[in-house]
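The values are calculated or read from the model by the stated rules, or taken from the named source; none is laboratory data. The structure displayed is predicted, hence computed values, not measured ones. Here the Cβ positions follow ideal geometry from the backbone for every residue, glycine too, while neighbour counts run over all protein chains shown. Note: accessible area is taken over every heavy atom of the protein model, side chains too, but ligands, DNA and RNA are not part of it. Shrake-Rupley method; radii C 1.70, N 1.55, O 1.52, S 1.80 Å.
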Amino acid sequence: MNSYVLDVRKLKVDYATSMKTIQAVKGISFSIQKGETLGLIGESGSGKTTTAMAILRLLQNPGRVVGGEVILNSDIDLLTLSERELRKVRWTELALITQGSMNSLNPTMRVCEQIADGILAHKEMNDKNELNEYIKNLLKLVGLPERVFNQFPHELSGGMKQRVCIAMAASLNPSLLIADEPTSALDVITQRIVAQTLLDIKERLNTSLLIIGHDIGLMAQMADRVAVMIDGFIVEVGTMQEVLSSPEHQYTQILVDSMPSIKRRKPLTAIDERTRSEISNKLCVSSEMTEVTTGHWVAVN
Amino acid sequence: MNGLTWKYALHRIGIYLLTILISITLIFVISRAVPGDPIENMWRQLEMQKGQIEGVDLIIDHYKELFGLNEPIGIQYLKYLWNTVRFEFGVSFVHYPTSVSSMIGHALPWTLGLGLITTLIIFIFGNGIGAVFGWERTPKFIKTIIPSSLIFTSIPSVLAALFLLSIFSKNLGWFPLAGAYNSNVTQGWNWPYIASVIKYGFLPVLSILLVNIGWTILGMRAMVVTIGGADYVRLAQAKGLKPFYILKKYTVRNALLPQLTSLALSLGGLISGQVLVESIFSYPGMGMLIFRAIREQDFNVIQATSYMFILITATSVLLIDLLYPLIDPRITHGED
């Protein structure tokens, strides 16, 4: 029996306004094993970030989880925790690295204070020197110079800020890191550094990683397995290798095909609206998945 | 590194001194540009009422000599600057020979006291209430009372003052009608005197407060709502921090910055509102002084009080400017 760090079952999220209700996530299931990196890819508006926020229970109004379970470490259902219990689990078991780290740090607090408050919220640490040493060590781990300790976020570059966020998320050895487009808004060289830092940290802490993004190239480098999302559904799950080399679902094929290639230039075509709604309609009828090869699941085509 | 740097402080103080120099120069130019000569006007008026006065031209000339009005304009300006810097404003025309500085010396503490207390209350309570209204965890029934904080904001402070005066002083008799303290009590640090100062000051403070606090509440509420959706607040929640800690260190701390700016900008309005309120309550402050001086055409007093108002406003803005980098670490860095 596999022990899952995260097991998401039939998760459903709605955004309900007085005018109408939009189903953003329509009953998706996936799981992450210990030490594994799962990539969640899909175009904008497919429900990737909503899924991550639902797992973290950070959905903002009018977003609401309307069904499903999110099981952490095979025993806690995150969706049923009380606020107090949830606070305890956050950061110690479940840490977030947000999208666009430019605004993820409080502009009026020093880097050290921002890392420290997360630690102190969960751990008694009366020795100030010990705490400072611990934070300095974290910064060294993500490859930042020691001066960053006392700096304010506006004194750092985008890549440095993102690495501060990684250090912060790693500060309590969580069993799962959720990285929501950790490298968006960074140039390619910085992207590489940040991605490498993230993988190094993950390796060192032996945690699991759920990484969300739309950059398939970057994902191919980082993730062990991948789940493809469209319109609130997952259409294909499998190892990165298999999904990219032999995509089974029509949408995955289009997605993989849309990747720019340096060997064979092709016209940049977008998925047309008709194909998308056909796919979506089919999924609404049935989103049942079948296993084509071991561990490679595909929704009905 | 951060906070207050010398360069920033000197820069702000330079601007402050320049503002004051320009405004006192304006006061000088305007008072010279006004048609008519106050001394001549006074004597000609007297002549019209009482009939021919012998040697009136000589008297007028004597007074002009006395006030230094016969000297070249450049010398007059320099002397004026020198005197203003030393707070030497000459004597009052109407309450001759009381010196203007002693009149201001009596009025200034009342105005500063009134202004300081109202500004403090507005800033502390306005932002506190605003933060509560904007916080997502505040119960709905508290949020529904928002509109009531705005009832008074759309009316001028003069009307609020008259309204309060007529209800609480005239009809109910809870508060005195005019003045700043009970004249039967000996002045000084004794409880009856302090109690009377509070009692007499209550309605003036309240009327300025009611009119101005709504904007602070609204501004703060909007800021807290906006910042509540910021990425760093969401991350703070993901960290498992306590909600009140997040409100304090993440939301309010950042929301206060624009509030401080708007306080600096509104100081001028606060002070001019106070002038009218003081005259309604016959509060013996600067507002009352300038109000009476304008009615009596007491030029030296008008000039001096205008200067003092500019000085108060500019100094408060300077203080806020110097305070700003202590709260927002980003400010000084833009300078170098």
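Provide the net charge surrounding B:F28, with neighbours chosen by a C-beta distance below 14 Å and charges set as Lys +1, Arg +1, Asp -1, Glu -1.
Residues near B:F28 contribute +1 overall.
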query = GNM, chain B, Cα, under 10 Å: largest mean-square fluctuation among B:Q303, B:Q274, B:Q187?
reply = B:Q187
query = Using Cα-only point scatterers and the Debye equation, what is log10 of I(q)/I(0) for segment B:1-145 at each q in 0.09, 0.14 Å⁻¹, rounded to two decimals?
reply = -0.58, -0.95
task = Calculate how many DSSP beta bridges within chain A are antiparallel, expressed in % of all such bridges and rounded to the nearest 5.
result = 65 percent
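Note down the net charge around A:L139, summing +1 for each Lys or Arg and -1 for each Asp or Glu among other residues with Cβ under 15 Å from its Cβ. Mind dumping the intermediate values first?
Values: positive: A:R110, A:K136, A:K140, A:R147, A:K161, A:R163, A:R204; negative: A:E113, A:E133, A:E146, A:E155, A:D200.
Here the count lands on +2.
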ask   = For segment A:232-301, what is the convex hull volume of the alpha-carbon atoms per residue, in Å³?
value = 91 Å³
request  = Mind pulling up the Rg/Rh value for segment B:1-87? Radius of gyration and Kirkwood radius, both on Cα.
outcome  = 1.26
request  = Obtain the radius of gyration and the Kirkwood radius of chain A from its C-alpha atoms and give Rg over Rh.
outcome  = 0.98
request  = Quick one: pull the percentage of alpha-carbon pairs in chain B with a separation above 31 Å.
outcome  = 49 percent
key: Rounded to whole Hz, the Karplus (6.51, -1.76, 1.60) HN-Hα couplings of segment B:307-313, x for glycine and proline   = 4, 5, 4, 4, 4, 4, 4
query = Which ³J(HN,Hα) values in Hz, rounded to whole numbers, follow from the phi angles of segment B:179-189 under the Karplus curve 6.51 cos²θ - 1.76 cosθ + 1.60, where θ = phi - 60° and Gly and Pro get x?
reply = x, 10, 7, 6, 6, 7, 9, 6, 6, x, 7
ask   = With every protein chain left in place, what is the accessible area per residue of segment B:205-305 in square angstrom, probe 1.4 Å?
value = 36 Å²
task = Report, to the nearest 10°, how far helix B:253-280 tilts away from the longest principal axis of the Cα atoms in chain B, using its own Cα long axis and a range of 0 to 90°.
result = 30 degrees
query = Any idea what angle helix A:111-120 forms with the longest principal axis of chain A, computed on alpha-carbon atoms, 0 to 90 degrees, nearest 10?
reply = 80 degrees
task = Name the residues of segment B:296-335, by number, that are at least 50 Å² less accessible with every protein chain in place than in the isolated chain; the surface is that of heavy atoms, probe 1.4 Å, without ligands or nucleic acids.
result = B:P329, B:R330
key: Residues with amide H under 5 Å from that of A:T207, placed H, sequence gap 5 or more   = none
ask   = Of A:D127, A:D14, A:D200, which has the largest mean-square fluctuation in a 10 Å C-alpha GNM of chain A?
value = A:D127
inquiry  = Not counting ligands, DNA or RNA, and with a 1.4 Å probe, what is B:M42's accessible surface area in Å² rounded to the nearest 10?
reply    = 100 Å²
ask   = Among the DSSP beta bridges whose two residues both lie in the protein assembly as shown, what percent are antiparallel, rounded to the nearest 5?
value = 65 percent
Under 22 Å from the Cα of B:K79 - lysines, other chains or at least 8 residues apart = B:K64
ask   = Taking the radius of gyration and the Kirkwood hydrodynamic radius from Cα positions alone, what is the Rg/Rh ratio for the protein assembly as shown, to two decimal places?
value = 1.16
key: Heavy-atom surface of segment A:232-301, accessible at 1.4 Å and reported per residue (Å²)   = 65 Å²
ask   = Starting at 0 and stepping by 10 Å, how many percent of the alpha carbon pairs of segment A:52-126 end up in each bin?
value = 15, 42, 33, 9, 0
query = Nearest 10 degrees, 0 to 90: what angle lies between the long axis of helix A:188-205 and the longest principal axis of chain A (Cα atoms)?
reply = 70 degrees
query = Sequence-distant or interchain residues sharing an amide H contact under 5 Å with A:A179, placed H: which?
reply = A:I97, A:L210, A:I211, A:I212
request  = Assign unit charges at the C-beta atoms only (+1 for Lys and Arg, -1 for Asp and Glu), then state the dipole size of the protein assembly as shown relative to its Cα centre in Debye, rounded to the nearest 20.
outcome  = 820 debye
query = To the nearest 10 Å², what's B:W43's accessible area with a 1.4 Å probe?
reply = 50 Å²
task = With the full set of protein chains in place, find how many percent of the accessible area of segment A:232-301 is carbon and sulfur; take the probe as 1.4 Å.
result = 55 percent
ask   = Nearest 100 Å², what total accessible surface is buried between chain A and chain B (probe 1.4 Å)?
value = 2500 Å²
message = With θ taken as phi - 60° and the coefficients 6.51, -1.76 and 1.60, list the Karplus ³J(HN,Hα) couplings across segment B:156-173 in order, rounded to whole Hz; mark glycine and proline as x.
response = x, 5, 4, 5, 4, 4, 4, 4, 5, 4, 5, 7, 7, 9, 6, 7, 8, x
note = Pairs over 31 Å Cα to Cα, from A:K128/A:K161; A:K161/B:K249; A:K88/A:K128; B:K199/B:K249, come to B:K199/B:K249
note = Expressed as a whole-number percentage, the relative contact order of chain A with C-alpha contacts under 8 angstrom and at least six residues apart is 22 percent
note = The correct pair for segment B:65-151, radius of gyration to one decimal and Dmax as a whole number, both in Å and from Cα atoms, is 24.4, 72
query = Using modelled backbone amide H atoms (1.01 Å from N, in-plane), which distant-in-sequence or interchain residues come within less than 5 Å of A:V5's amide H?
reply = A:I32, A:Q33, A:K34
message = Along the charge dipole of the protein assembly as shown, pointing to its positive end and built from +1/-1 on Cβ of Lys, Arg, Asp and Glu, which listed residue (B:L206, B:M286, A:V237) has its Cα farthest out?
response = A:V237
key: Within a Gaussian network of chain A (alpha carbon springs, distance under 10 Å), most fluctuating of A:V235, A:V285, A:V256   = A:V285
message = With +1 assigned to the C-beta of every Lys and Arg and -1 to the C-beta of every Asp and Glu, and no other charges, what is the dipole magnitude of segment B:25-121 about the Cα centre in debye, to the nearest 20?
response = 380 debye
